[in-house]
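The structure appears right after this line, and notes come after that.
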Amino acid sequence: PDLEIHTRGLPEPVVGRPQDPAPPPRGRVFAICFGVDDFDRTSPAYQGVDADRLVAPSNDARTFAALGRQLGFSVKPPFLNRDATCTRLLAELREAADALTAGDTLIVTYAGHGCTVDDENGDEETR
């Protein structure tokens, strides 16, 4: 039987049969996972930020990495807390960029605090 699917953003419901799952990626799949639940509150990046220590991001990063391995992805051990630096992230992205070829997929996960940054050049809508 037909299945009615309501999707946010579409003006009217779409009627049809369930679609097959997306095909697997054509090439290799790499994953880089970061988790930060403890951070240096003395860092200038956190001045004026009222943020508590989180309890789950390291576990989230480990879980994402384990799931990626189960799915056959090439996954490095997750980078946690003081090893999950901006310098490390950029180095990992550069290394991946050198290794990736057409058809490959790179998945990067981050679990931890986030913040808002003012739009200094006005290229984005204010929310």
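The values are calculated or read from the model by the stated rules, or taken from the named source; none is laboratory data. For clarity, every value in this text was computed on a predicted model and none was experimentally measured. For neighbour counting, all protein chains shown are included, and Cβ atoms are generated from backbone atoms with ideal geometry for every residue, glycine included. The area values use the complete protein model at the heavy-atom level, side chains included, leaving out ligands, DNA and RNA. Shrake-Rupley method; radii C 1.70, N 1.55, O 1.52, S 1.80 Å.
If we scan segment 69-78, do we find a residue that is of a type outside the set (S, T, N, Q), in a loop (DSSP other than H, G, I, E, B), open to solvent by 60 Å² or more (accessible area, probe 1.4 Å) and free of Cβ contacts under 8 Å to residues at least 40 places away in the same chain?
Among the residues of segment 69-78, at least one is of a type outside the set (S, T, N, Q), in a loop (DSSP other than H, G, I, E, B), open to solvent by 60 Å² or more (accessible area, probe 1.4 Å) and free of Cβ contacts under 8 Å to residues at least 40 places away in the same chain, which makes the answer yes.
Here is a yes/no grid of residues against (1) hydroxyl-bearing (Ser, Thr, Tyr); (2) in a strand (DSSP E or B); (3) at pLDDT 85 or above; (4) out of contact with any His (no Cβ under 8 Å at 6 or more places or on another chain):
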site	(1), (2), (3), (4)
Arg88	no, no, yes, yes
Glu92	no, no, yes, yes
Ala96	no, no, yes, yes
Thr101	yes, no, yes, yes
Leu106	no, yes, yes, yes
Tyr110	yes, yes, yes, yes
Gly114	no, no, no, yes
Glu120	no, no, no, yes
Glu124	no, no, no, yes
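State which residue pairs qualify: first residue closer than 11 Å to Phe34 by Cβ and inside segment 88-99, second residue open to solvent by 60 Å² or more (accessible area, probe 1.4 Å) and of a type in the set (D, E, K, R) in any location, beta carbons under 9 Å apart, and separation of 6 or more residues or different chains.
Glu92/Lys76
In the list Arg88, Arg82, which residue meets the criterion of being open to solvent by 50 Å² or more (accessible area, probe 1.4 Å), touching a strand residue (DSSP E or B) at 6+ places or on another chain (Cβ under 6 Å) and of a type in the set (Lys, Arg)?
On the way: Arg82 fails: touching a strand residue (DSSP E or B) at 6+ places or on another chain (Cβ under 6 Å).
Criteria check complete, one pass: Arg88.
Residues that are modelled with pLDDT of 90 or more, open to solvent by less than 50 Å² (accessible area, probe 1.4 Å) and not hydroxyl-bearing (Ser, Thr, Tyr): does segment 21-29 have at least one?
Within segment 21-29, one or more residues are modelled with pLDDT of 90 or more, open to solvent by less than 50 Å² (accessible area, probe 1.4 Å) and not hydroxyl-bearing (Ser, Thr, Tyr).
Taking only segment 103-127 into account, find how many residues are open to solvent by 100 Å² or more (accessible area, probe 1.4 Å) and either hydroxyl-bearing (Ser, Thr, Tyr) or over 16 Å from the mean Cα position of the chain (by Cα) (or both).
Final tally of qualifying residues: 11.
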